[in-house]
Amino acid sequence: MSTESKHNSIEIIQPDDMHVHFRDGDVLKDVVPHTAAQFAKCLVMPNLKSPVVNSELAIAYYERIKQAVPNNLKDKFEPFLTLYLTDKTNSDEVKKALDTQIIKGFKLYPAGATTLSENGVTNIKNCYAVIEQMQKYNAVLLVHGEVTDHHVDIFDREAKFIDDVLIPLRKDFPELKISFEHITTKQAADYVLSENSQYLGASITPQHLLYNRNHMLAGGIKPHYYCLPILKRSLHQQALLKAAISGSDRFYVGTDSAPHAKYLKENSCGCAGCYSALHAVELYTTAFEAENALDKLEGFMSIYGSKFYELPINTHKIKLIKQNWQVPNVLNFGNQELVPLAAGETMTWKLENSFL
Ligand code: NCD
Ligand code: ZN
């Protein structure tokens, strides 16, 4: 990484986003260009209304995503896919999926844990035959790490998942590659750091680095900060920041950018998900700058994710410039509106050649 004096600009290898939701259909043309303008590679989540449960569906989805990439970025942006793990996933699917070279892993959604997880896994033991194959062929298991028992407090669901599911699973499959997705707690950050294993990585979102639950709940309820796993108290935000800037290659970008139409978020039963694809690189840079850790930005943003997924590190560089600009209040989303994270706020970093 190179930084000019007083950080008026920064150049880093182009980042990758190892966890993004694009949805499907008409809205692809509104969201895919944002991610393609920011990132060189991305890993797309499979929780569509009709989930991406096999390789054929994934390849068809990949083609639709590619069509939504603007012409000038078609050679510069490569999406990779994940398959949606269910109680019924066939063990043969693992090798088939990896042979596509497009699919990198399987996403474990505990049934009922989050948006469109109804078809998820009811008991991890139902998937042991598939997981055995994943370990054998080096597929990554991406986990949404929250238990779903209704009596467990929503703020404790991630920590409990570590004890109840993750630790036993890693004991049974010690060489299974697991990406602990969008970690939100000190317990998760400490666990990943202390294990210090090549088989365990974790993605962190911009919202969990920049905010805590006060941003969402103090002074009025703010639905655009609501995502799952939910924002936690400040001490967890601090622990995540510490992990992200630690220089440990176990932590990497996963924006979890998850678009929902404005009216579905500003609703008496609002959807979970923050939209950050438009300005994710700027958001992360802001978080690292506040920690005086811009020298650690490139590893977290552009190297450790690819390293974990055993993908080539990008060669192209991007430049961020110190420049004020205002995040739009709304974006297009098919025939609906979409409110981005930090809508209306002033950002102090701008990606050169950004979408806006
Ligand atoms: C995601 C979505 O909307 O698809 N929502 C979210 O709050 N993060 C699902 C997920 O990753 O949990
Ligand atoms: Zn997600």
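Computed values, structure above
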| read-out | value |
| --- | --- |
| Net lengthening on full extension, Asn123/Phe355 (0.36 nm per residue, minus Cα-Cα) | 79.3 nm |
| Within the range 142-168: backbone nitrogen closer than 13 Å to the Asp190 label point (7 Å, Cα to C-beta) | 159-160, 163 |
| Radius, Kirkwood style, for the range 188-293 when every pair of distinct Cα atoms is counted (Å) | 14.6 Å |
| Long-range HN-HN contacts of Val53 with modeled amide H, under 5 Å | Tyr84 |
| Potential extension, Asn71-Asn8 segment - 0.36 nm per residue separation minus Cα distance | 19.6 nm |
| Mean shadow area of the chain, taken as a quarter of the surface of its Cα convex hull (nm²) | 16.2 nm² |
| Table column - 3J(HN,Hα) (Hz), the range 302-310, Karplus curve with 6.51, -1.76, 1.60, x for Gly and Pro | 10, 10, 5, x, 4, 4, 4, 8, 6 |
| For the range 133-146, Karplus couplings with θ = phi - 60° (6.51, -1.76, 1.60), whole Hz, Gly/Pro x | 5, 4, 5, 4, 9, 6, 7, 8, 9, 8, 10, 7, x, 9 |
| For the range 1-80: rounded, prolate or oblate by the Cα gyration tensor [a/c cutoff 1.5] | prolate |
| Amide H contacts of Leu200 (H built 1.01 Å from N, under 5 Å, at least 5 apart or other chain) | Ile178 |
| Residue-normalised accessible area of the range 184-244, given per residue in Å² at a 1.4 Å probe | 40 Å² |
| Built amide H within the under 5 Å cut-off of Gly145, gap 5+ | Glu181 |
| Phi-based couplings in Hz for the range 184-199 (Karplus 6.51, -1.76, 1.60; Gly and Pro marked x) | 9, 10, 4, 4, 5, 4, 5, 4, 5, 5, 6, 5, 6, 10, 5, 8 |
| Charge sum, other residues only, whose C-beta stays under 11 Å from Val140's C-beta, Lys/Arg counted +1 and Asp/Glu -1 | +1 |
| Full-stretch length increase - Asp164, Tyr137 - with 0.36 nm per residue and alpha-carbon distance subtracted | 7.2 nm |
| Contact order normalised by residue count of the range 152-310, Cα under 8 Å, 6+ apart, percent | 23 percent |
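The values are calculated or read from the model by the stated rules, or taken from the named source; none is laboratory data. What you see is a predicted model, and the numbers here were worked out from it, not measured in a lab. Here Cβ is always computed from backbone atoms with ideal geometry, including for glycine, and neighbour counts include all displayed protein chains. Keep in mind that these areas ignore ligands, DNA and RNA; they rest on the heavy atoms of the full protein, side chains included. Shrake-Rupley method; radii C 1.70, N 1.55, O 1.52, S 1.80 Å.
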